[in-house]
Amino acid sequence: MAELALAPRRTGPPRTADWDPLRDEPGPDALRCLGLYTRLAAGVTVVTALDAGGRPAGLTVSALTSVSARPPLLLACLRGGSQTLTAVRQHGAFAVSFLTERQRSVAERFADPALSPAARFRGVPVRHVLGVPVVSDALAWAVCVVEDVRRYGDHDAVVGRVRAVEAGEGRPLLWHGRAFHTLTPLPPQTEGS
C-alpha cells in the first residue's frame, strides 16, 4: 500500500490571488526580532523634556536617527506610556543628548525603570537650552520642537524639528548586543586586504 503524503498544515490566512507573503505571513515572534535588533550598533542618547508642571523627565534611547537636513528633523523612538513621552507630548519640545564613552553611568541612570524622573536627574549636571534640559558635557545635543508623534507597536516615533544644536569632540557611548561599548578605530588596511 502506498503511503499518502500530506502537505504540511498551513496556519494563517488562506492564499488567494492577492495573497502577499510579505504582508500576510505572521512573521517571527518578538523574541526573535529582539535578537535581530540587538545586532544593531547604536549611539546612546538621553531624551529629556519638561512635564506640564515644569519638572524634568528623561530616558535613555538608542533608537534615534536623522530624518532630514532641510528641514532639520530627528526621529526618536520612545517607549509607549513612559513619563518622558507624556512630557514630550505636553511640552511640545524635547532635547537629545548624545553621550560620550565616559557617561555610561548617566545612560544607566536614565534607563533604570525603578528611578523616578527626579531621581534620574539627581547628581547629573544639566543646563537649559530654549527652556529644555540638556545633559552637560554630552558629545553633542539638539533641542527640537515636536513635528509629529505616531504610535507603532509598543513605541511612539517622535519627529522633532531641530531648533538648536551643538556638536563637540570626543568618542560616543555605543549600545550593541545588550551591552555598552566604546568606539575603537580599526587599524589601517594594507594593500591587498
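The values are calculated or read from the model by the stated rules, or taken from the named source; none is laboratory data. Just so it is clear, the model here is predicted, and its values are computed rather than measured. Glycine also receives a Cβ, built like all others from the backbone with ideal geometry; neighbour counts cover every protein chain displayed. Just so you know, the surface numbers come from the protein's heavy atoms only, side chains and all, with ligands and any DNA or RNA stripped out. Shrake-Rupley method; radii C 1.70, N 1.55, O 1.52, S 1.80 Å.
How much accessible area per residue does the stretch 117-193 have, counting only protein heavy atoms and a probe of 1.4 Å, in square angstrom? Let's see the in-between values first.
Working: 4980 Å² over 77 residues.
Using a 1.4 Å probe on heavy atoms only, each residue of the stretch 117-193 averages 65 Å².
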All Cα pairs of the stretch 47-193, percent lying beyond 28 Å: 18
Shape parameters for the stretch 138-193, alpha-carbon atoms, Rg then Dmax in Å: 17.6, 49
Environment charge of Gly160, counting only residues whose C-beta is closer than 14 Å and scoring Lys/Arg +1, Asp/Glu -1: +1
Net charge (Lys, Arg +1; Asp, Glu -1) of residues whose beta-carbon lies under 13 Å from that of Ala63, Ala63 excluded, is -1
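Carbon-plus-sulfur fraction of the accessible area of the stretch 30-166, 1.4 Å probe, in percent? Could you put the intermediate results ahead of the total?
Working: 3830 of 7160 Å².
Carbon plus sulfur share of accessible area: 53 percent.
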